[in-house]
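Comments concern the structure below.
The values are calculated or read from the model by the stated rules, or taken from the named source; none is laboratory data. Since this is a predicted model, take the numbers as computed values, not measurements. Every residue, glycine as well, gets a Cβ built from its backbone with ideal geometry; the counts of neighbours run over all protein chains shown.
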Protein chains: 4
Amino acid sequence: MTGRSRGRPRDPQVDDLIMKAALELFVEQGVEGANVERIAKRAGVAKVTIYRRWPSSEALLVQALERARTVVPEERLWAENAGPSDERLMDSWVTTLGDPRYRAVLAQLIGSSTSHPDLLATYREQYLRPRRRLVREALAAGVDPEADVDIDTVIDMVVGAALYRMLVDPGEPSDRDYLAKLVHQANRLLGR
Amino acid sequence: MTGRSRGRPRDPQVDDLIMKAALELFVEQGVEGANVERIAKRAGVAKVTIYRRWPSSEALLVQALERARTVVPEERLWAENAGPSDERLMDSWVTTLGDPRYRAVLAQLIGSSTSHPDLLATYREQYLRPRRRLVREALAAGVDPEADVDIDTVIDMVVGAALYRMLVDPGEPSDRDYLAKLVHQANRLLGR
Amino acid sequence: MTGRSRGRPRDPQVDDLIMKAALELFVEQGVEGANVERIAKRAGVAKVTIYRRWPSSEALLVQALERARTVVPEERLWAENAGPSDERLMDSWVTTLGDPRYRAVLAQLIGSSTSHPDLLATYREQYLRPRRRLVREALAAGVDPEADVDIDTVIDMVVGAALYRMLVDPGEPSDRDYLAKLVHQANRLLGR
Amino acid sequence: MTGRSRGRPRDPQVDDLIMKAALELFVEQGVEGANVERIAKRAGVAKVTIYRRWPSSEALLVQALERARTVVPEERLWAENAGPSDERLMDSWVTTLGDPRYRAVLAQLIGSSTSHPDLLATYREQYLRPRRRLVREALAAGVDPEADVDIDTVIDMVVGAALYRMLVDPGEPSDRDYLAKLVHQANRLLGR
DNA sequence: GAATAAGCGAGACGGTACGTCCCGTCTTAGC
DNA sequence: GCTAAGACGGGACGTACCGTCTCGCTTATTC
């Protein structure tokens with residue numbers, strides 16, 4: 001009885017077009033630029049077609065970001081390469097933090113988080129949390145069990161310092177040398 | 001000595017009216033409600049009068065919030081109390097980082113930094129840098145000269161972790177307990 | 001036969017609302033008061049809705065006034081009454097030239113003709129030319145075929161004189177007596 | 001006691017600059033363009049300087065137009081040349097009516113006469129009335145005293161026809177041939 | 001095969017805010 | 001006193017998006 005609903009079914013390709021356009025505009029121009037009017041125009045789609053699927057441009061962006069994450073799953077990469085290590089951790093960070101697009105996305109998300117907290121929340125849950133878990137695995141090996149610190153605080157300090165530089169003081173480099181310093185201090189705290 | 005510029009000078013009282021109205025609207029209705037049109041109406045002021053002073057409502061809000069800080073400026077506080085200390089450092093942080101308006105401003109600045117980097121730069125130079133200097137003074141006392149770390153990296157890690165929580169994971173509290181943990185780890189790194 | 005254009009068709013009732021409001025404001029407050037902002041507000045309509053239909057309040061007023069002519073269209077009147085005559089000609093003129101709104105429109109059109117000649121041209125072709133044709137018919141009856149004049153020049157002189165008074169010397173009346181004088185001279189020239 | 005008023009006297013050259021700028025802007029861009037702001041800028045003068053001398057841009061334009069008239073006093077020209085005649089009448093008309101600037105001024109004046117009737121009134125009294133008087137003199141010679149017409153009506157018809165062409169139907173030429181036709185018909189009416 | 005229902009692009013619609021322009025008034029410094 | 005400069009409250013401008021709506025057409029399912 002459930003069966004197909006009556007009438008013409010939605011075209012799944014249209015979903016793709018819309019989310020692609022939404023993401024492009026968001027990266028290029030931020031939340032302001034990623035409004036329904038422009039997304040519709042870029043996707044070659046009627047506004048109604050968007051409103052039929054998502055209640056707001058925010059909801060659309062959330063899903064678009066969710067979807068985009070699945071494209072490059074780093075976790076898998078690491079699994080194929082005999083687990084994480086400090087070296088691989090820094091390889092990953094250098095790539096990510098050096099990418100201006102990465103900075104742009106995170107900056108836009110933070111900027112819009114006052115009015116649209118769901119965007120940032122989605123990103124955090126879908127993107128940041130898994131990576132954090134991997135970082136924890138990488139740092140967990142050889143920790144002094146007596147160390148006067150919980151590992152999450154150390155991660156906060158390392159990741160926080162790196163993001164602080166990238167977001168707040170983009171003039172200062174977040175290069176491998178700097179990241180190495182941070183990891184070195186993390187290891188000191190962890191007694192590794 | 002160029003002397004007074006020609007023409008009728010700007011009325012400083014008008015600055016007050018505008019920033020007061022902007023702040024009220026921001027607190028009552030958020031960023032969306034604090035637009036130039038409404039600020040002008042509430043302040044009883046022409047829109048042009050606002051545009052003459054600030055390039056956007058965002059920039060206006062930055063200054064309004066900066067000005068509205070009810071906290072006594074840390075510099076003075078410290079000077080009057082025989083220098084900084086870990087306790088006073090944390091008092092100051094708890095006040096600042098616990099203020100949702102502070103978060104909102106910094107988030108907006110980061111969000112707009114792709115298109116308008118000057119806003120963030122100004123804020124960093126005018127606001128963050130002096131405070132960083134004070135933090136360095138607070139942490140410098142009793143540092144182990146043999147410690148395997150430079151103090152700026154430690155500041156990055158402490159401040160970075162605090163801001164990371166506030167900006168990226170606002171669900172987790174940046175309360176005194178958490179800040180105390182950070183300062184404790186900083187002291188471990190510095191051999192204090 | 002291009003068929004119906006795509007998209008939601010314009011609501012003809014909205015046209016009515018706008019032109020009604022425009023006319024009211026024009027009559028009440030003159031050209032200055034009949035601006036787009038006020039017309040939109042009085043008509044309960046968005047400004048864009050007006051701009052979609054007319055390029056300026058001026059163009060809107062032209063059409064509104066044209067439409068609002070309470071005079072029964074001369075063509076019909078004459079057809080129903082066995083053709084034009086000097087009397088009916090003057091009836092029509094007295095009504096038209098005595099209407100301050102008619103003067104206002106024509107004055108505005110002439111004033112804007114340096115920068116926007118099309119407005120005046122449209123008005124001339126759509127409004128004036130057909131009426132001129134009727135005047136020619138009215139004057140053609142009983143013309144002395146030997147008269148040393150072409151009828152269009154006579155029309156120029158009669159219409160020109162009437163409009164000259166109305167436009168340039170609005171203090172002097174363009175009343176029935178004056179128009180009668182003009183028609184009388186026209187008849188002398190035409191040998192009627 | 002009358003004496004000079006105290007303080008620095010007004011610079012009469014400034015009056016010239018202002019009126020010159022006002023007239024230029026009026027001819028180029030019409031009433032809209034001839035606002036105090038632009039006049040002040042073009043004349044290199046403060047707005048206050050204008051408002052001190054004239055209550056409005058309208059009043060300024062009135063005086064500017066009055067003054068401009070005195071530059072080429074046609075009456076005098078005729079006086080020096082042994083009085084007006086049909087030929088000289090037409091010479092004068094051909095020059096005037098063929099000048100696009102003349103058309104522009106009159107069109108602008110008529111266009112603005114709804115809101116600012118004084119402008120047109122001044123022009124009529126200062127410029128048109130004297131010329132009309134001269135035309136009357138030119139046509140008065142040799143009039144049939146028995147003619148069934150008063151001369152002012154004939155002038156209305158001739159001048160009206162010429163202006164009608166120039167203002168309302170600028171596509172049709174107001175050339176010497178056409179003006180000759182008009183004068184010929186005027187002479188017929190006057191029994192000359 | 002026809003009827004029905006929903007998808008779809010297009011674009012009208014009432015709103016709100018934008019940033020600019022000009023209004024006429026005012027307040028300053030300098031001559 | 002008078003100038004140039006420019007701030008000020010006010011109001012209109014024309015444009016951009018908002019979210020809703022109405023249209024003709026298309027596409028799939030159901031009867």
Residue check, C:Asp86 within 13 Å of chain D (Cβ to nearest Cβ) and not hydrophobic (A, V, I, L, M, F, W, C): no
Name the residues in the range B:149-168 that are touching a helix residue (DSSP H, G or I) at 6+ places or on another chain (Cβ under 7 Å), over 16 Å from B:Tyr102 (Cβ atoms) and of a type outside the set (Gly, Ala, Ser), would you? B:Val149, B:Ile151, B:Thr153, B:Val154, B:Ile155, B:Asp156, B:Met157, B:Val158
Considering only residues that are touching a residue at least 12 places away in the same chain (Cβ under 8 Å) and either within 10 Å of DNA strand E (Cβ to nearest atom) or assigned by TED's automatic domain parsing to the domain that holds B:Ala104 (or both), look in the range B:41-54 and name the one that is surrounded by the most Cβ atoms within 10 Å (Cβ to Cβ). B:Ile50
Just checking, how many residues over the range D:108-143 are in contact with a Leu (Cβ under 6 Å, 6 or more places away or on another chain) and either on the phi > 0 side of the Ramachandran plot or aliphatic (A, V, I, L, M) (or both)? 6
Within the range C:172-179, can one find any residue that is at the interface with chain D (Cβ under 9 Å from one of its Cβ atoms), aliphatic (A, V, I, L, M) and assigned to a helix (DSSP H, G or I)? no
In the list B:Arg136, B:Arg188, B:Arg124, which residue meets the criterion of being at the interface with chain A (Cβ under 7 Å from one of its Cβ atoms), under 28 Å from A:Arg103 (Cβ atoms), of a type in the set (D, E, K, R) and not in a loop (DSSP other than H, G, I, E, B)? B:Arg124
Inside the range D:19-37, can you point out the residues that are under 20 Å from C:Glu32 (Cα atoms) and either charged (D, E, K, R) or without any contact (Cβ under 8 Å) to a residue 12 or more places away in the chain (or both)? D:Gln29, D:Glu32, D:Gly33, D:Glu37
Between C:Pro130, C:Pro100, which is farther than 15 Å from C:Val62 by Cβ and either of a type in the set (Phe, Trp, Tyr) or within 10 Å of another protein chain (Cβ to nearest Cβ) (or both)? C:Pro100
Per the filter on the range B:27-60, residues more than 12 Å from DNA strand F (Cβ to nearest atom) and more than 22 Å from B:Asp118 (Cα to Cα) are B:Val27, B:Glu28, B:Gln29, B:Gly30, B:Gly33, B:Arg38
Given the conditions (1) surrounded by fewer than 12 Cβ atoms within 10 Å (Cβ to Cβ); (2) away from DNA strand F (no atom under 11 Å from the Cβ), report the number of the one that A:Ser5 does not fulfil. (2)
Within the range C:88-113, count every residue that is over 11 Å from the mean Cα position of the chain (by Cα), surrounded by fewer than 21 Cβ atoms within 10 Å (Cβ to Cβ) and not in a helix (DSSP H, G or I). 1
Any residue in the range D:173-185 that is farther than 14 Å from D:Arg88 by Cα sitting within a Cβ distance under 6 Å of a residue that is part of a helix (DSSP H, G or I) and basic (Lys, Arg)? List the pairs, counting only those 6 or more apart or interchain. D:Ser174/D:Arg165
Just to be sure before I move on: is D:Asp118 among the charged types (D, E, K, R) and modelled with pLDDT of 90 or more in the structure I sent? no
Here is a list of conditions, (1) in a helix (DSSP H, G or I); (2) of a type outside the set (Phe, Trp, Tyr); (3) more than 11 Å from chain D (Cβ to nearest Cβ), and C:Asp144 meets all of them except one; can you say which number that is? (1)
